[in-house]
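Asks: Quick one: the structure is below, and I'll ask about it shortly.
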Amino acid sequence: MRYIRPSSLEDAIGLLAQATGKASILAGGSDLLVKMKGGFIEPDLIIDIKAIDALGHIRESDDGFVIGAAVPCAVLGENAALRRAWPGVVEGAKLIGSKQVQGRCTIVGNLCNASPAADSVPALVAAGAKALIRGPDGSRTVAVEMVPVGPGKTSLLPGEIIESILLDKRLPNSGDAYMRFTPRTEMDIAVVSAAIYLTLDDQGIVQFARVALGAAAPTVLVVEEAAEILIGSRVDDGTLERLAQACSAACRPIDDKRGTIEFRKKLRVCWPSGSRSPPINVQDRNDGRHSSFDDN
Amino acid sequence: MMAGIAVSTTINGDIAEFLCHPDETLLDALRDRLGLMGVKEGCGTGDCGACSIILDDRLVCSCLVLGAEAEGKHIETVEGMAQGDTLHPLQQKFLEHAALQCGICTPGFLIAAKDLLAKNPDPTEEEIRFGLAGNLCRCTGYDKIVRAVQDAASVMRGA
Amino acid sequence: MTASEIGGGFGGKTHVWAEPVALALSRKAGRPVKLVMTRDEVFRASGPTSATSIDVKIGALKDGTIVAADATLRYSCGPYTGAWAETGAMTAFACYKLENVRTVGYEVLVNRPKTAAYRAPSAPMAAFAVESAIDELAKKVGMDAVDFRIRNAAQEGTRSSYGPVYGPIGIGPTLEAVKNHPHMKAPLGKNQGRGMACGFWFNFGGQTCVDLNIGMDGTISLAVGTVDVGGSRASLSLVAAEELGIDYSHVRAVIADTSSLGFNDMTDGSRGTFSSSMATISAARNAIKTLRERAAQMWDIPVEDVAWEKGQAVAKGDSHGNLPNLPLKEIAAASGTTGGPIAGHSELVADGAGVSFATHICDIEVDPETGATKVLRYTVVQDAGKAVHPTYVEGQYQGGAAQGIGWALNEEYIYGTDGRLQNAGFLDYRIPVCSDLPMIDTQILEIPNPNHPYGVRGVGETSIVPPLAAVANAVSNAVGVRMQHIPMSPPRILAALEA
């Protein structure tokens, strides 16, 4: 086994493309090292991308945010502008593992690990995030939900690396949120999770919506019907009831050690009663189950 | 004789150099090559926090870091907390509150609590509990650990 | 065999695993062999506690007097018998005064990993069943759950359900303390419930050997043979200091290897501090006898005229009135010319481990939409006999409660249809994390154990006996449905709510 720490993305792509045996990208390592420890993979080459300067930063531009592939999730939580613009995305990233894990893990790693229960992915999907992919034949940009294609499987081609995640500027009267259900308050994997992105008009009526569910299908599930129910509504109780029914109907969960089909279909990631819709800002959480909402 | 990777790093303020295998974790390197037995292996998969260290000002599990990644980094372990014979306030308060029983999780808790108080010198009980949720303890029920951290925080603030 | 820091004990390390293989390899290789188990292997191969199913029948008069009790307890034990049904059957009704009682225990062979001891083996499950039934019966006869238990609690002179007649015991006092505890009077909110439950454990004594060596500088080295899993070195140093009348900082306890001490039973049955303190006291008293002899020699007076007070030899009697006291340190410094090294030894079977009882109170909130639970408040009241190191005793109470809460709510070995364990790791075997628990209040009662010089009883195991039942009673009261299955994980609670 070799360990290489290239200083440019070109070198990393070259190494990956030329690798003869199994090559693994190392960013945070919180999935890779666990798989190596368990004997599930034994790479011949480990390419540590953390010395590549371009991948180590969050950049804010007129178009939005560019989050480098090697940025630890803890850094997302420390970026005030990102937290303000995309609280749901940051919430998802900061629910992965523990403080210790968040000091290492990355949203790109979480995406490429392709677990249906990945905490950061539903919010990225709801937010319309894109992945900037670089490979031997140049670069391409795809919607993040196109990356995982099944548990543990991605659509990345041989030699391809995700360079960064792109998030648009948040539109006025818009917001996102992520919530999950876990038996423990922390250090747990979502039994089921949900992310939402909403844009309202001046009268408080939903103009645009996107709803994504985690651990409800082999990949993150975008529930179009849920969005249709929300659009044109004021997110009143009746709408929420129909939203819940649509989500329960759409999800295709499995029975596993973390939950049953029956339980997963029943779980509703609840909007705290009494909160004024629309949800905009996620405050610092104190409980992994329910995020708090506030008007912006 | 192994074909190792030469790593140069700073541990608790001192330069430390070691050779390690490419797939060797920093946890193993710290314990087996540098004799820093304060980092404990409770799971090897980032689920228990017993191997917690501070790596360039960030709390991490050393079982989820390769030794080779430590090149040029600054590492803090429990061995660096006391100044000579003077215990760190957290260590002192863990002793006074009997915030440990078997002791295996203790170094990880001390390092995690040190990191927590560096970022939040006056945490609420809830902030301490969530801040230390990555460190498992099977003996104490956490009560005395939380109280020791509260007490140490108060001492460190000069209150 | 040398002793290592072994981490938590809890009974799981009182078994032999693959060590003989390492020994054989070492003999072959002529080199040390290190045996390392991954966490995954520990989960799969070291043995969990038994899965159980228990039926309980209890009859009471309308005035709340229990007249008969019967339980059938089935403990799974993997592929080997000789497991734990007996202690379950013996402890099930140990809290109560019963004229007519029967318990039948079965060990059930199953195609699962072998089981291992786990903190008060088999008692928590038995208490879960019995204390749940007691709560239901109290409701049936229209009595408060605490008053019903007080009425039927065993007391000194009661013949226990497992045979012996009790000496002074703590079940009544823990119940009275709970009845008067502010926790019982605190208001509850919506979807919240309060439960309480009692628990019993025998405690154990066993073969014990201690050396107490006095250095030339007057410091004490206490060599103990019960491996320290929770701070017993500190407790035993306190005991040695107390007996000798010297400062705690002058005593250092070490866990000695098997070639340095006589045989010691392992650290189990909550015996560490109980039995080794008994031996430490005896060893210290032997050392004091020698110290008095040396002082008598130094003073040239009869040893009968030398008393030992506050760490010093004191000359008694009118004829020696003006002799200055001889501190231990001076006697130790002179030992080379008064007969050589000074030490005290003790080898004993620590008979008479006092039984112990606890009563716990738990407040819990249940989210009716998800079945999720949150422990709001928890109180442990337990008889320690004598708390040698009160903060460590509190730690044992709190730790037992926390383990019991985890067991009650979310800890579970999940097997696939292929019979393999699916959650062999800390991520999916959900022991409570720091943010899952509240502070755990404790109240130490001290009803002295007449068989120990200080009155010490074991404290480590009793604290895990009541929580399964206390939590189940709290959840049942919160949701209005009797919870008969643990763990009370969110899917189970939700299913019970919708049944």
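Asks: From C:Leu468, C:Leu494, grab the single residue that is part of a helix (DSSP H, G or I), more than 20 Å from C:Ala145 (Cβ to Cβ) and of a type in the set (A, V, I, L, M).
Replies: Answer to the check: C:Leu494.
Asks: Taking the condition more than 8 Å from every other protein chain (Cβ to nearest Cβ) and over 25 Å from C:Arg233 (Cβ atoms), does B:Ala82 pass?
Replies: no
Asks: Here's something else I'd like to know. Would you confirm, using the coordinates I've provided, whether C:Asp135 is in contact (Cβ under 8 Å) with a residue 24 or more places away in the chain, closer than 17 Å to C:Ala474 by Cβ and assigned to a helix (DSSP H, G or I)?
Replies: The answer is yes for C:Asp135.
Asks: Here's a check for you: in the range C:73-96, which residue that is in a strand (DSSP E or B) and of a type in the set (Ser, Thr, Tyr) is farthest from C:Thr52 (Cα to Cα)?
Replies: C:Tyr96
Residue by residue, here is whether (1) buried (at least 24 other Cβ atoms within 10 Å of the Cβ); (2) within 14 Å of chain C (Cβ to nearest Cβ); (3) at pLDDT below 95; (4) more than 27 Å from C:Leu437 (Cα to Cα) holds:
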site	(1), (2), (3), (4)
B:Ile53	yes, no, no, no
B:Asp56	no, no, no, yes
B:Gly67	yes, no, no, yes
B:Val78	yes, no, no, no
B:Gln101	yes, yes, no, no
B:Ile111	yes, no, no, no
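Asks: Here is a follow-up. Sort out which residues of the range A:23-46 are at pLDDT 95 or above and basic (Lys, Arg), and write them in order of number.
Replies: Scanning the range A:23-46 gives a single hit, A:Lys35.
Asks: Sort through C:Gly340, C:Gly352 and tell me the only one that's in contact with a Gly (Cβ under 8 Å, 6 or more places away or on another chain), surrounded by fewer than 17 Cβ atoms within 10 Å (Cβ to Cβ) and of a type outside the set (Ser, Thr, Tyr).
Replies: Exactly one residue qualifies, and that residue is C:Gly352.
Asks: Would you call C:Ala177 under 23 Å from the mean Cα position of the chain (by Cα) and under 27 Å from C:Thr391 (Cβ atoms)?
Replies: Yes, satisfied.
Asks: When you go through A:Ile46, A:Ile13 one by one, which is the residue that is within 14 Å of chain B (Cβ to nearest Cβ), in contact with a strand residue (DSSP E or B) (Cβ under 9 Å, 6 or more places away or on another chain) and more than 30 Å from A:Phe181 (Cα to Cα)?
Replies: Step by step, each of A:Ile46, A:Ile13 is checked, and only A:Ile46 is within 14 Å of chain B (Cβ to nearest Cβ), in contact with a strand residue (DSSP E or B) (Cβ under 9 Å, 6 or more places away or on another chain) and more than 30 Å from A:Phe181 (Cα to Cα).
Asks: While we're here: What single numbered condition from (1) away from chain A (no Cβ under 14 Å); (2) within 42 Å of the chain's Cα centre (by Cα); (3) farther than 29 Å from C:Thr226 by Cβ fails to hold for C:Ile301?
Replies: Every condition holds for C:Ile301 apart from (2).
Asks: Output the residues belonging to the range C:380-392 that are under 17 Å from B:Val146 (Cα atoms) and either among the aliphatic types (A, V, I, L, M) or in contact with a Ser or Thr (Cβ under 8 Å, 6 or more places away or on another chain) (or both).
Replies: C:Tyr392
Asks: Sticking with this one: If I filter the range B:119-145 down to residues being away from chain A (no Cβ under 14 Å) and hydrophobic (A, V, I, L, M, F, W, C), which single residue comes out as farthest from C:Phe10 (Cα to Cα)?
Replies: B:Ile145
Asks: Still on this structure, please answer the following. Do we have any residue at all in the range C:367-374 that's within 14 Å of chain B (Cβ to nearest Cβ) and over 30 Å from C:Tyr166 (Cα atoms)?
Replies: Yes - at least one qualifying residue is present in the range C:367-374.
Asks: I would also like to ask the following. Can you name every residue in the range B:1-51 that is over 13 Å from the mean Cα position of the chain (by Cα), more than 11 Å from every other protein chain (Cβ to nearest Cβ) and either part of a loop (DSSP other than H, G, I, E, B) or on the phi > 0 side of the Ramachandran plot (or both)?
Replies: Selection gives B:Met1, B:Met2, B:Gly13, B:Leu34, B:Gly35.
Asks: Could you count how many residues in the range C:468-497 are within 14 Å of another protein chain (Cβ to nearest Cβ) and among the hydroxyl-bearing types (Ser, Thr, Tyr)?
Replies: 1
Asks: Filter the range C:418-467 down to the residues that are more than 10 Å from chain B (Cβ to nearest Cβ), of a type in the set (Val, Ile, Thr) and in contact with a Ser or Thr (Cβ under 8 Å, 6 or more places away or on another chain) and list them by number.
Replies: Those that are more than 10 Å from chain B (Cβ to nearest Cβ), of a type in the set (Val, Ile, Thr) and in contact with a Ser or Thr (Cβ under 8 Å, 6 or more places away or on another chain): C:Val456, C:Val459, C:Thr462, C:Val465.
Asks: Same structure again: Among the polar types (S, T, N, Q) and touching a helix residue (DSSP H, G or I) at 6+ places or on another chain (Cβ under 6 Å) - does that describe any residue in the range C:209-223?
Replies: yes
Asks: State the number of residues belonging to the range A:232-263 that are among the basic types (Lys, Arg) and within 9 Å of chain C (Cβ to nearest Cβ).
Replies: Selection size over the range A:232-263: 2.
Asks: Quick one: B:His97 ticks every box in (1) under 29 Å from C:His389 (Cβ atoms); (2) not assigned by TED's automatic domain parsing to the domain that holds B:Ala133 except a single one, so which number is it?
Replies: Of everything listed in (1) under 29 Å from C:His389 (Cβ atoms); (2) not assigned by TED's automatic domain parsing to the domain that holds B:Ala133, B:His97 misses just condition (2).
Asks: Working carefully through the options A:Leu171, A:Leu230, A:Leu213, find the one that is of a type outside the set (Phe, Trp, Tyr) and under 12 Å from the mean Cα position of the chain (by Cα).
Replies: None of the others qualify; the one that does is A:Leu213.
Asks: Could you run through the range C:138-153 and say how many residues are in a helix (DSSP H, G or I) and among the aliphatic types (A, V, I, L, M)?
Replies: 4
Asks: Look through the range C:414-429, keep the residues that are small (Gly, Ala, Ser) and surrounded by 15 or more Cβ atoms within 10 Å (Cβ to Cβ), and return whichever of them is nearest to C:Lys374 (Cα to Cα).
Replies: C:Gly425
Asks: Quick check on the range C:400-413: of everything there that is in contact with a strand residue (DSSP E or B) (Cβ under 9 Å, 6 or more places away or on another chain) and crowded, with 24+ Cβ neighbours inside 10 Å, which residue is nearest to the other protein chains (Cβ to nearest Cβ)?
Replies: This residue is C:Ala402.
Asks: Separate question: Do we have C:Asp265 as among the charged types (D, E, K, R), within 14 Å of chain B (Cβ to nearest Cβ) and either surrounded by fewer than 19 Cβ atoms within 10 Å (Cβ to Cβ) or assigned to a loop (DSSP other than H, G, I, E, B) (or both) here?
Replies: In short, no.
Asks: I've got another one for you. Looking at C:Ala223, C:Ala279 in this structure, which one is in a helix (DSSP H, G or I) and of a type outside the set (Ser, Thr, Tyr)?
Replies: Residue meeting the stated conditions: C:Ala279.
Asks: Cβ-Cβ under 7 Å, sequence separation 6+ or interchain: first residue in the range C:457-479 and touching a residue at least 24 places away in the same chain (Cβ under 8 Å) and not assigned by TED's automatic domain parsing to the domain that holds C:Glu394, partner of a type in the set (S, T, N, Q) and surrounded by fewer than 24 Cβ atoms within 10 Å (Cβ to Cβ). Which pairs?
Replies: Filtered contacts from the range C:457-479: no entries.
Asks: Could I ask something else about it? So B:Ile54 clears everything in (1) assigned to a strand (DSSP E or B); (2) farther than 21 Å from B:Ala29 by Cβ; (3) not hydroxyl-bearing (Ser, Thr, Tyr) except one condition, right? Which one?
Replies: If we test B:Ile54 against (1) assigned to a strand (DSSP E or B); (2) farther than 21 Å from B:Ala29 by Cβ; (3) not hydroxyl-bearing (Ser, Thr, Tyr), just (2) comes out false.
Asks: Which ones in the range C:154-202 are in the same structural domain as C:His360 (by TED's automatic domain parsing), farther than 19 Å from C:Glu446 by Cβ and part of a strand (DSSP E or B)?
Replies: C:Gln192, C:Gly193, C:Arg194, C:Gly195, C:Met196, C:Ala197, listed by residue number.
Asks: Here's something else I'd like to know. Output yes when any residue across the range A:77-85 is free of Cβ contacts under 8 Å to residues at least 60 places away in the same chain and within 13 Å of chain B (Cβ to nearest Cβ), and no when none is.
Replies: yes
The values are calculated or read from the model by the stated rules, or taken from the named source; none is laboratory data. Bear in mind that the values here come from a model prediction, so they are computed numbers and not experimental data. No Cβ is skipped: glycine too gets one built from the backbone with ideal geometry, and neighbour counts run over all protein chains shown.
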